[in-house]
Every structure is written in C-alpha cells, then in structure tokens.
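Student: If you scroll down you'll find the structure; I have some questions about it.
The values are calculated or read from the model by the stated rules, or taken from the named source; none is laboratory data. What you see is a predicted model; the values in this text were computed from it and never measured. All Cβ positions, glycine included, derive from the backbone under ideal geometry; neighbour counts span all protein chains shown.
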Amino acid sequence: MVKIRRGSQKRSARKSKLTSVNFKDGEKVLQSSQYHLRTIFDKNPDGMIVVDNKGVVCFANPAAESFFGLKKNQLLKHPFGVPAIDGEATELNILQKDGKTGTLQMRAVQIEWDKKPSHLILIHDITMIREAERLRCEVDERRKLDQLKDEFIGTVSHELRTPLATIKEFVSILLDEVPGKINVEQRDYLNITRGNIDRLGRIVTDLLDISKIEAKKMAIRKSLVDIVGVAKGSISLFKASAGAKNITLKLLFPERLPDVYADSDRVTQIFTNLIHNAIKFTPSNGKVTVEIKPGKKEIECSVKDNGIGIAPENKDKLFGRFMQIDRSAGGGPKGTGLGLSITKELVQMYGGKIWVESELDKGSKFTFTLPVLNSQTIFKEYINNGIKDAVDKGSAFSIVIISFNNFKAVFKKLGKEPVNQILSDLEETAKKTLRRVTDMVLKYKEEVVILLPDVKREDAFAVGSRIEDAVRAYFEQKKDSLGGVKIKYGIANFPDDAGNSEELIKKARDGRESISIKVSPFKSKQR
Amino acid sequence: MDKKRACKHKYVLKLYVTGQTPNSVRAIENLNKILSEEFKDMHELKIIDILENPQFAMDAKILVTPTLSSAFRGSIKRVVGDLGNREKVLSVLGLF
C-alpha cells in the first residue's frame with residue numbers, strides 16, 4: 001500500500017513538473033514562432049503589404065519598402081488603393097527610379113487585420129521576365145524578317161540566272177556572226193553588252209552565295225585539299241588579265257605542306273576573289289605575289305600587291321557588304337562589293353581567319369588561314385558526316401581499314417621510320433585506286449583508313465579487292481626489304497554492318513572479312 | 001447608393017496609367033465599359049499617363065498603375081488593378 005501511495009505521489013509530482021515545463025515550452029514555442037513569422041516577413045524577397053478596406057497601408061515588409069522606395073513610416077498610412085481582384089494575379093506597373101517602367105505581379109486575398117476586413121497584397125517583381133519576353137519577341141520578329149529576305153534573294157537570284165543565260169547565249173551567237181555579218185560599231189556594242197551580262201551574272205552568283213551563307217544553307221563539303229594545287233589553278237585563271245596589265249604574278253610555297261581539310265572549290269573561290277582584287281587595284285607593271293606558309297596549326301596564305309593600297313580608316317569597312325571603297329579606282333569591270341564579304345564568310349566557314357595589312361599607295365596584303373586538323377579530328381568528322389548524309393539520303397557509307405597483321409613484329413624489326421614509310425606508301429597506293437573525289441584516304445595511327453561516302457556494301461568490297469591488288473603489287477616490288485610484313489584489311493558498311501561510327505570502325509578493324517596478304521617471310525627467318 | 005442622387009454630384013475619376021503597357025490599355029478599356037454601361041454623364045474622367053506627368057503621380061502619391069482614384073463628395077477612394085472585376089470596382093467606389 002505504502003509503496004503504491006508513494007508511487008502515486010511521485011506520479012503526481014512528476015505530472016505538475018511536466019505541466020510547468022509544458023507552459024515554459026509553450027512560451028518558447030510562441031516566441032520562436034513569432035520569430036519565425038517575423039523572419040519570413042522580413043526576409044521574403046516578395047513585397048507584402050496589408051491595406052484596410054479604404055486602401056490605406058497598415059503593414060509593409062522590407063521588400064515592399066524597397067520596391068516602392070519608401071521608408072516604413074512613409075509607406076504606413078499611405079493611400080495605396082484597394083486591389084480590385086480576388087485571389088487571381090494581375091499585373092501592375094511601377095515607375096522606377098531610372099525612369100523606366102517596371103512590372104509587378106500582384107495577388108491579393110481578403111483577410112482580417114486588427115479585427116477589420118483588409119487585404120493582404122503580395123507583390124512579385126517580374127520586370128526582368130517581361131523584358132526578356134519582349135526581347136525574345138523582337139529577336140523572333142527580326143529572324144522571321146531575315147528569313148523572308150533570304151528566301152526572297154534566293155528566289156530572285158535563281159529566277160534572274162535563267163533569262164540571263166539565254167541573253168548571253170544569243171549575244172554570243174550575234175557576235176559569232178551566225179545570223180549574218182555585223183559591223184565594227186555593232187561588235188563594240190555587243191561586246192559591251194556581253195561584258196555587262198557577265199557582270200550581272202557575277203552579282204547574281206554573289207547574291208546567291210550571300211543568301212546561302214546567311215540562311216546557313218551553304219553546304220560545307222570537306223575533304224583533304226592540296227592547297228598548292230588549288231593556288232596554282234587559281235593563278236592560272238588570271239594569266240590573261242595579269243598579262244594585259246603586264247603584272248608579274250608569282251606563287252611562293254615550301255616543298256612539303258600538309259593538306260587542309262576544306263572544299264577545294266571554295267578555297268579556289270577565296271583565292272580567285274583575292275587575286276582578282278589584287279590585279280584590279282594594281283597599276284600596270286606591278287607585282288602580285290601569292291604565298292603559302294605552314295603555321296603550327298594552320299596554313300597561312302597571302303596575296304600581296306603593290307597597288308593603290310587602302311587608307312587605314314577604310315580597313316574595317318572592307319569586309320562589309322556592298323563595300324567599294326573607291327569606285328573610280330581599279331578600272332575595268334566594276335565588282336559587286338560582295339566579294340570580300342563572301343571571302344570572309346567562306347574563310348570563317350572553314351575555321352580560318354582573314355585580315356589585311358595595307359599602306360596607301362604602297363600596296364595591300366590579304367592573308368587568310370585554314371586550319372590543319374589532325375587526322376583523328378578529320379577521321380571522326382568525316383565518318384560522322386558520312387553517316388549523317390547516309391541517313392539523310394537513305395544511302396550508305398563504307399570504310400576500309402588497312403593495318404598490319406603483325407604490327408609489333410614489324411615495328412621491332414624495321415623501326416619507326418620505315419613503318420611510317422610503309423603506311424605513307426599504302427596511303428598513296430590506296431589513293432590511286434580510288435575514282436571519286438568524295439572518297440578519302442587517311443593515315444590514322446598505325447592504320448590507313450579509306451572512307452567511302454555513299455558506297456554500298458557490295459561496292460565497298462569491289463573497292464577493297466582493287467586496293468588488295470594494288471597493295472599486293474606494291475609489296476611484290478618491295479619484297480626484298482619488306483619480306484615478312486603481313487597486311488590485313490577489313491570492310492564495314494553503314495547501315496548493313498554497324499549502326500554508328502564506333503561500331504563501324506570496330507567492325508572494320510576486326511577485319512572479319514579480311515584477307516591476309518602474306519609476303520615472303522622476314523629475312524631473319526630466311527637466314 | 002442610389003443613382004438619382006449621384007446625378008447631381010458628379011464623380012471625379014482619375015485613372016493613372018503607364019504609357020501603353022498591356023494592363024494600362026486593359027484598364028482604360030474596362031473602365032470605359034463600366035462607365036458607359038453603369039452611369040453615363042455622372043462622371044468626369046481624366047486619364048493620366050504618369051510617364052508624361054510623373055509629378056501628378058508623385059503629388060497624388062500614386063505607387064502603382066493602373067490606379068483609379070475617385071472623388072465623390074469629399075471622400076477619395078482608390079482601386080488598384082486592371083479593373084477587370086466589375087463588381088469589385090463598383091463596390092470599392094461605393095456604387096454597388
């Protein structure tokens with residue numbers, strides 16, 4: 001019994017203790033919840049105000065003060081106005097200090113404040129969002145206009161070319177006196193006509209180029225380009241016009257140059273535009289020099305003349321559209337003012353840079369660079385583009401990989417240089433067997449890779465056997481020094497053998513379809 | 001509030017807007033609709049563009065736009081928002 005009583009006493013004591021603790025806790029909870037509430041109001045980045053039903057402010061948090069640029073005592077009792085909304089959001093404007101218009105999103109709910117019906121107003125600054133939206137609309141609008149303009153130029157240029165070709169054809173027939181004899185005066189006039197038809201044709205072509213570049217529709221075809229060959233070809237086009245003004249046209253280039261990865265037609269266009277300008281703005285008996293120099297990661301090509309030069313203030317305008325610094329200068333047929341602009345776009349399209357150095361009356365030097373990519377980059381890009389093309393056109397893409405079957409043994413036996421030489425020879429041999437410009441051969445690490453865009457599996461095997469024959473012939477010639485070298489090759493095709501570039505390379509490397517070429521064993525074994 | 005009495009005393013309404021922002025345009029449209037449908041010839045309306053007359057807004061202590069201010073028999077009432085909620089506008093102005 002006693003025990004029980006004691007127990008119950010203890011229990012009741014514990015009980016009262018608990019209640020007092022609870023009360024203190026309650027106070028604490030209340031304080032802390034007040035503190036929490038205060039923090040929420042004070043630190044809230046959105047403005048919060050309470051207005052009574054006459055629209056007079058009776059509470060404002062710091063964010064609201066800073067929104068309106070007013071201190072608490074200025075904002076309290078301020079006749080803000082009653083929000084004519086209920087729950088839903090509405091947009092308001094505010095005049096900012098800088099005189100610009102800000103946009104606020106306001107929400108309001110009816111509450112009771114000091115026992116009076118009031119409105120709690122939440123204000124969120126959406127100035128930046130609205131501004132961004134406005135800018136995006138403007139950009140969209142401009143893009144649409146640009147697109148329309150490009151389409152228009154594209155269509156017009158195309159429509160102009162067809163009748164132009166007909167006019168030129170018939171003027172040429174008249175000049176050739178097919179319908180009948182013409183006198184000297186008539187011939188003069190017809191020649192002027194033909195000259196201007198050519199000029200108009202150039203303008204139309206330039207406009208088409210520009211509109212294609214603008215619309216980003218200019219197809220970027222890339223393959224390995226022998227830059228010296230292209231420069232030689234371009235120069236040969238100007239033999240007559242340079243000769244007429246007795247201008248010396250020279251080409252300087254080093255003996256060994258890496259190929260650039262670009263489109264030979266476009267590189268020709270770059271060269272011809274620059275050489276054309278150089279001859280045009282160089283007086284009789286002048287000099288035009290084309291120079292090609294290898295850099296670290298690029299090839300630098302320059303066209304230098306000793307002509308009229310360019311004033312410093314005009315240098316920046318030079319690459320702009322329809323820019324002709326001095327229309328009276330140069331004589332001869334007038335250009336379109338688009339040449340250098342197109343040239344710049346083309347150089348940039350192939351990852352290069354272009355600039356000019358010039359002194360008035362002394363001459364100008366235009367220099368452009370084209371990147372020399374490492375074979376790995378080219379290899380990957382070419383395969384990816386080939387597969388992409390195949391997907392787009394619903395056609396195929398094949399690769400052939402030639403490699404050593406016994407690389408380690410050959411490397412150990414022959415050393416680095418001869419191995420490299422074999423690879424270079426294999427590259428050359430393979431190149432000779434190919435018939436299309438789009439086919440490409442690359443030396444890639446210890447392999448020679450032949451890339452065949454738009455080639456089906458069975459055709460790839462035909463190419464493969466042609467290469468095999470050529471390689472056999474090569475080793476037959478070199479059998480004394482290269483005895484024992486074993487060569488294999490593999491063929492893989494997209495989409496028949498592989499679905500992506502990695503698979504394609506792996507499959508070709510596996511060389512399951514490979515045929516080993518065994519040339520007589522190593523000399524060491526013969527000994 | 002009966003409308004016959006109101007006829008003798010005109011409501012002086014001022015609508016503060018900010019240029020041609022969408023909510024300003026909306027507020028003007030909404031207000032004109034309310035006025036033409038609810039009480040013709042019982043009001044005088046002034047639209048004040050605070051971009052053109054910032055001082056007016058400052059003097060009247062206008063913080064945001066659109067704000068509609070109505071003065072009737074010495075009592076001034078203000079409504080904030082695009083005035084799309086007709087009942088709310090009328091009730092604040094004491095017309096409903």
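Student: Which of the residues spanning region B:30-64 are at pLDDT 85 or above, of a type in the set (K, R) and in a loop (DSSP other than H, G, I, E, B)?
Tutor: Answer for region B:30-64, where residues must be at pLDDT 85 or above, of a type in the set (K, R) and in a loop (DSSP other than H, G, I, E, B): just B:K61.
Student: Suppose we filter B:K88, B:K77 for residues that are farther than 14 Å from A:I94 by Cα and assigned to a strand (DSSP E or B); which single one remains?
Tutor: It is B:K77.
Student: Residues to consider are A:E428, A:E381, A:E468, A:E447; find the one that is charged (D, E, K, R) and without any contact (Cβ under 8 Å) to a residue 12 or more places away in the chain.
Tutor: The match here is A:E428.
Student: Follow-up question, since we're still on this one. I'd like to check which helices (runs of 4 or more DSSP H) are fully inside region A:432-527 and have at least 1 residues that are out of contact with any strand residue (DSSP E or B) (no Cβ under 9 Å at 6 or more places or on another chain), closer than 29 Å to A:D259 by Cβ and at pLDDT below 85.
Tutor: A:457-477, A:479-482, A:501-510
Student: Quick test of your reading of the structure: A:Y35 fulfils all but one of (1) more than 50 Å from the chain's Cα centre (by Cα); (2) under 22 Å from A:K115 (Cα atoms). Name the failing condition by number.
Tutor: All conditions pass for A:Y35, except number (2).
Student: Oh, and also: Quick one: would you say A:L92 is part of a strand (DSSP E or B), within 10 Å of chain B (Cβ to nearest Cβ), within 14 Å of B:I62 (Cβ to Cβ) and not β-branched (V, I, T)?
Tutor: yes
Student: Now a separate question. Would you check if B:E44 is closer than 27 Å to A:Q96 by Cα, exposed (fewer than 14 other Cβ atoms within 10 Å of the Cβ) and more than 9 Å from every other protein chain (Cβ to nearest Cβ)?
Tutor: So B:E44 does not fit the description; no.
Student: Something else: Select from region A:62-88 the residues that are within 48 Å of the chain's Cα centre (by Cα) and either at the interface with chain B (Cβ under 9 Å from one of its Cβ atoms) or assigned to a helix (DSSP H, G or I) (or both) and write down the one among them that is modelled with the lowest pLDDT.
Tutor: A:E88
Student: Next question, about the same structure. From the set of residues in region A:20-56 that are out of contact with any Pro (no Cβ under 7 Å at 6 or more places or on another chain) and among the acidic types (D, E), which is nearest to the other protein chains (Cβ to nearest Cβ)?
Tutor: Of everything passing the filter in region A:20-56, A:D52 is nearest to the other protein chains (Cβ to nearest Cβ).
Student: Can I ask one more? Looking only at region A:107-141, count every residue that is touching a strand residue (DSSP E or B) at 6+ places or on another chain (Cβ under 7 Å) and either closer than 19 Å to A:A89 by Cα or small (G, A, S) (or both) and tell me the total.
Tutor: The total comes to 16.
Student: Can I ask one more? Scan (1) in contact with a strand residue (DSSP E or B) (Cβ under 9 Å, 6 or more places away or on another chain); (2) surrounded by fewer than 18 Cβ atoms within 10 Å (Cβ to Cβ) for the single condition A:P283 breaks and write down its number.
Tutor: With respect to (1) in contact with a strand residue (DSSP E or B) (Cβ under 9 Å, 6 or more places away or on another chain); (2) surrounded by fewer than 18 Cβ atoms within 10 Å (Cβ to Cβ), A:P283 is out only on (1).
Student: Here's a follow-up. (1) more than 57 Å from the chain's Cα centre (by Cα); (2) within 21 Å of B:K77 (Cβ to Cβ): which one isn't true of A:L30, the others all being true?
Tutor: Result: A:L30 passes all but (2).
Student: Spot the failing condition for B:G74; the list is (1) on the phi > 0 side of the Ramachandran plot; (2) touching a Pro at 6+ places or on another chain (Cβ under 7 Å), and only one is missed.
Tutor: Looking at each condition in turn, B:G74 falls short on (2).
Student: Within 12 Å of chain A (Cβ to nearest Cβ) and surrounded by fewer than 19 Cβ atoms within 10 Å (Cβ to Cβ): which single residue out of B:S69, B:S91 fits that description? First the steps, then the outcome.
Tutor: Values: B:S69 fails: surrounded by fewer than 19 Cβ atoms within 10 Å (Cβ to Cβ).
Result: B:S91 is the single residue among B:S69, B:S91 that is within 12 Å of chain A (Cβ to nearest Cβ) and surrounded by fewer than 19 Cβ atoms within 10 Å (Cβ to Cβ).
Student: Failed condition for A:E345, given (1) acidic (D, E); (2) in a helix (DSSP H, G or I); (3) at pLDDT below 80, with all others met?
Tutor: (3)
Student: Same structure again: List the number of the failed condition for A:L135; all other conditions in (1) touching a helix residue (DSSP H, G or I) at 6+ places or on another chain (Cβ under 9 Å); (2) among the hydrophobic types (A, V, I, L, M, F, W, C); (3) farther than 30 Å from A:R199 by Cα hold.
Tutor: Condition (1) is where A:L135 drops out.
Student: Sticking with this one: Can you name every residue in region A:459-474 that is surrounded by fewer than 21 Cβ atoms within 10 Å (Cβ to Cβ) and of a type outside the set (S, T, Y)?
Tutor: Within region A:459-474, A:D459, A:F461, A:A462, A:R466, A:E468, A:D469, A:A470, A:R472, A:A473 meet the criteria.
Student: Check A:K293, A:K334 and return the single one that is charged (D, E, K, R) and either at pLDDT 90 or above or part of a helix (DSSP H, G or I) (or both).
Tutor: On the way: A:K334 fails: either at pLDDT 90 or above or part of a helix (DSSP H, G or I) (or both).
Within the list A:K293, A:K334, the selection yields A:K293.
Student: Just checking: which of the helices (runs of 4 or more DSSP H) contained wholly in region A:167-268 hold 1 or more residues that are crowded, with 16+ Cβ neighbours inside 10 Å, in contact (Cβ under 8 Å) with a residue 12 or more places away in the chain and within 26 Å of the chain's Cα centre (by Cα)? Break it down into steps so the answer makes sense when it comes.
Tutor: Details: elements: A:184-214, A:227-236, A:239-244.
By residue number, A:184-214, A:227-236.
Student: Within region B:79-88, can you find the residues that are in contact (Cβ under 8 Å) with a residue 12 or more places away in the chain and either more than 7 Å from chain A (Cβ to nearest Cβ) or out of contact with any helix residue (DSSP H, G or I) (no Cβ under 8 Å at 6 or more places or on another chain) (or both)? Talk me through it step by step, then tell me what you get.
Tutor: Quick first cut of region B:79-88, residues in contact (Cβ under 8 Å) with a residue 12 or more places away in the chain only: B:79-84, B:86.
Selection gives B:V80, B:G84, B:R86.
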